[in-house]
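Before any comments, here is the structure.
The values are calculated or read from the model by the stated rules, or taken from the named source; none is laboratory data. Only a predicted model underlies this, so the values are computations on that prediction, with no experimental measurement involved. Quick reminder, even Gly has a Cβ in these numbers, built from the backbone with ideal geometry, and neighbours come from all protein chains shown.
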Amino acid sequence: MKPIFVLNGSNLNLLGQREPHIYGRTTLADIETMCHGSPAGRKHGVVFRQSNHEGELIDWIHEARHAADAIVINAGAYTHTSLAIHDALKTFEGPIIELHITNVHRRESFRHHSYISFAATGVICGLGPDGYELALEAAARLVAKTMTT
């Protein structure tokens with residue numbers, strides 16, 4: 001069994017500090033601890049990463065093609081702008097869960113469009129930091145289904 005890659009994009013390193021009225025006070029380190037301790041995280045293992053650089057996220061997606069069973073991705077603002085991340089995700093053959101801490105559909109209209117969604121198996125948004133654990137569980141279930149078929 002390979003781990004689930006949890007990839008985080010731009011500005012997510014500032015969780016807990018940046019706009020806490022929108023994103024809350026939970027830090028990315030708190031979320032990483034939660035992911036490693038979750039049932040799916042303990043079963044599969046988690047590779048948890050964050051970058052503010054689009055190319056680095058793409059390199060990690062390429063790495064995941066051989067090193068991961070699934071990807072959970074919160075691409076941050078790259079969700080709405082990056083065809084390059086979309087194209088990289090299309091090369092990954094396992095489940096991809098797109099994740100957002102906030103409900104992007106209740107926010108500015110430019111956040112309603114996602115290039116990631118075109119490549120994702122599923123989308124979780126608006127459930128706060130708990131969405132990470134739910135995304136891991138969904139990814140693990142999807143991996144289990146592919147292993148039994």
Report, by residue number, each residue of the stretch 85-132 that is over 19 Å from Ile31 (Cα atoms), surrounded by fewer than 18 Cβ atoms within 10 Å (Cβ to Cβ) and touching a Leu at 6+ places or on another chain (Cβ under 9 Å).
Phe118, Thr121, Gly122
Cβ pairs under 7 Å, 6+ apart or interchain, first in the stretch 117-132 and more than 23 Å from Lys90 (Cα to Cα), second in a loop (DSSP other than H, G, I, E, B), ordered by first then second residue, are Gly126/Thr102; Gly126/Asn103; Gly128/Gly24; Gly128/Ile101; Pro129/Gly24; Pro129/Thr26; Pro129/Ile101
Is there any pair linking a residue in the stretch 1-28 that is farther than 27 Å from Val143 by Cα to one that is modelled with pLDDT under 95 and of a type in the set (D, E, K, R), with Cβ under 7 Å and at least six apart or on different chains, and which?
Asn11/Arg18; Gly16/Arg25
Listed by first then second residue, the pairs whose first member lies in the stretch 39-52 and is without any contact (Cβ under 8 Å) to a residue 40 or more places away in the chain and more than 11 Å from Met1 (Cα to Cα), whose partner is among the aliphatic types (A, V, I, L, M) and assigned to a strand (DSSP E or B), with beta carbons under 9 Å and at least 6 positions apart or on separate chains, are none
Against the conditions (1) in contact with a strand residue (DSSP E or B) (Cβ under 7 Å, 6 or more places away or on another chain); (2) buried (at least 21 other Cβ atoms within 10 Å of the Cβ); (3) within 17 Å of Gly9 (Cα to Cα), where does Ala139 fall short? Just the number, please.
(3)
Exactly one of (1) surrounded by fewer than 21 Cβ atoms within 10 Å (Cβ to Cβ); (2) in contact with a Pro (Cβ under 7 Å, 6 or more places away or on another chain) is unmet by Ala67. Its number?
(2)
Quick one: in the stretch 18-40, of everything that is touching a Phe, Trp or Tyr at 6+ places or on another chain (Cβ under 9 Å) and over 15 Å from Thr102 (Cα atoms), which residue is surrounded by the most Cβ atoms within 10 Å (Cβ to Cβ)?
Cys35
